[in-house]
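Comments concern the structure below.
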Amino acid sequence: MGEQATGTRYALVTGGSSGIGLETARGLTAHVDVVGIVGRDPERLAQAAEDLSSGGARIETFQADFASLAEVRRLAEDIKARFDSLSILVNNAGVWHTQRTLSKDGYEATLAVNHLAHFLLTNELEDLLVAAAPARVINVSSSMHGRPKSIHWDDLMFEKHWAGFWVYGHSKLANVLFSNELARRWKDLGITSNALNPGNVRSRITRNNWFLNALHRSPVARTIILTEAEGARTSIYVATSPELEGVTGGYFHKAKLAKPNSATEDAEAGRHLWEVSQQLVDEAAKPWTGGSRHVPATFPRGFAQGSRLGLPPGPLSMRPLPFIALGALALGVIIALLFG
Ligand SMILES: NC(=O)c1ccc[n+]([C@@H]2O[C@H](COP(=O)([O-])OP(=O)(O)OC[C@H]3O[C@@H](n4cnc5c(N)ncnc54)[C@H](OP(=O)(O)O)[C@@H]3O)[C@@H](O)[C@H]2O)c1
């Protein structure tokens, strides 16, 4: 990537203590002087730092739970105290819940961790990124961003209907809309913003879902599902490739420019998501008594289109039997193929 005038070059990877993030951090050690990894578990962070210590960069660890926006603010202060600038920010941390869970701020936790925490962190680190310009922000999304047809404006916290993979896909759509809006807003600051799909990777992301977990670890799946190191390839490419100098607002898969869901091209939705996200992070800074947080955002008429999300009637999470039956059937077929 383009050279800064002088000085130490810093990169930061969220969710850097495990999975694709750890492998991304490993890849970045060959490109910058200092790699910061953010994780929530001190032991995993220490292990990861030890693991990465043989690379060419100094490793700095930062502890924060993205289910708390106050922790994200504190994290940003910690980073600013230790880094003079930031050439590469990889927004990689992500979670897939199997039950509706609230963040410490009372927001639906998938949206809070996967989108709101990164929205806040990136904005808090703007000065560091500007100081390193040309700098790159990389937003790790997923092919699942293509499931929802739009942001679920009229029930952003999925209080009426909740289903793990829809809500996860929705947060991944928010990642791409945010990435594109960031590209538009910061285009004159020398900061690029791109989103990507790492591919189908065997990692801990499926740990809460016994079926996907078993599928990911089955011998057949092992031959087609990527390793974490293979999954990190696109992140490392987008973060460091010289040919992507100045390229912004892109979506990448298999280390190539790819076509995202057309919903991500809706600039008005991107602008609106930015404003709503700002309201939500501001609201989280106010005193609160617990429970589900009131969502203060008022949405223009054209955005009250939650039904366009394409959710089946009724919450899937409350009707698990068909999925268990399908899962058992698929597992049976796999076992029959393997041992039959
Ligand atoms: N695996 C796939 O097939 C796949 C496909 C498409 C997209 N992705 C995306 O790739 C990214 C990395 O996922 P992965 O597959 O590497 O999964 P993973 O192994 O579960 O890694 C996710 C990372 O996010 C961190 N994280 C989760 N919740 C957090 C929280 N509340 N606060 C701080 N950190 C938190 C995890 O920390 P801990 O170590 O503490 O759990 C972990 O380091 C995610 O954004 C995911 O959506 C993955």
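Each value in this text was obtained by applying a stated rule to the coordinates, not by laboratory testing. Predicted model, so just to flag it, every value in this text is computed and none were measured. With ideal geometry, Cβ positions are generated from the backbone for all residues, glycine too; neighbour counts draw on all protein chains shown.
One decimal place: the segment Glu43-Glu265 gains 75.9 nm when fully extended, by the rule 0.36 nm per residue minus the C-alpha distance. Taking region 192-224 and a reference point 7 angstrom along Cα→Cβ of Gln99, the backbone N atoms nearer than 14 Å belong to 208-210.
In the chain, helical runs assigned H by DSSP with n ≥ 4 each contribute -39500 (n - 2.57); averaged across all residues and rounded to the nearest 500, the mean residue ellipticity at 222 nm is -12000 deg cm²/dmol. Long hydrophobic helices in the chain: the complete DSSP H runs spanning 18 Å or more by Cα along their own axis with mean Kyte-Doolittle hydropathy of at least 0.5 are 321-339. Estimated at 0.36 nm per residue, the fully extended path between Asn123 and Gln278 surpasses their Cα-Cα distance by 54.8 nm. The mean sequence distance of close C-alpha pairs (under 8 Å, at least 6 residues apart), as a share of the length of region 99-249, puts its relative contact order at 27 percent. Treating the Cα atoms of region 2-128 as identical point scatterers in vacuum, please give the log10 of the normalised Debye intensity I(q)/I(0) at q = 0.13, 0.14, 0.15, 0.17 Å⁻¹, two decimals. Here log10 of I(q) over I(0) equals -0.49, -0.57, -0.65, -0.83.
Which shape class, rounded, prolate or oblate, goes with region 200-266 when its Cα gyration tensor gives a ≥ b ≥ c as root eigenvalues, a/c under 1.5 marks rounded, and past that a/b bigger than b/c marks prolate? Judged from the Cα gyration tensor, region 200-266 comes out prolate (a/c at least 1.5, a/b above b/c).
Separation of the alpha carbons by more than 30 angstrom is noted, of Lys254/Lys286; Lys149/Lys187; Lys104/Lys254; Lys80/Lys172; Lys80/Lys160; Lys80/Lys259, for Lys254/Lys286; Lys104/Lys254; Lys80/Lys160; Lys80/Lys259.
Checking every one of the GluC sites (Glu not before Pro) in region 204-271 against DSSP loop status and a limit of 16 other Cβ atoms within 10 Å picks out Glu245.
Full extension of the chain between Ala328 and Lys80 gives 84.3 nm of extra length, using 0.36 nm per residue less the Cα-Cα distance.
Enter the Cα centre distance for the pair region 140-158 and region 64-115, rounded to the nearest angstrom. Using only Cα atoms, the two centres lie 18 Å from each other. In the calculated pair distance distribution of region 106-195, what percentage of Cα-Cα distances lie above 15 Å? Here the tail beyond 15 Å accounts for 59 percent of pairs.
Look at the alpha carbon pairs under 8 Å that are at least 6 residues apart: their mean separation over the length of the chain gives a relative contact order of 19 percent.
Per residue, the Cα convex hull of region 98-157 amounts to 123 Å³. Taking other residues whose beta carbon is less than 15 angstrom from the beta carbon of Glu230, and scoring Lys, Arg as +1 and Asp, Glu as -1, yields +4. DSSP beta bridges fully contained in the chain are about 10 percent antiparallel.
Each Lys or Arg adds one and each Asp or Glu takes one away; over the other residues whose Cβ falls under 12 Å from the Cβ of Gly169, this sums to +3. Under the convention that each Lys and Arg Cβ holds +1 and each Asp and Glu Cβ holds -1, the size of the dipole of the chain around its Cα centre is about 1080 debye. In terms of its C-alpha gyration tensor, the chain has an oblate overall shape, because the principal axis ratio a/c (a ≥ b ≥ c, square roots of the eigenvalues) is not below 1.5 and a/b does not outweigh b/c.
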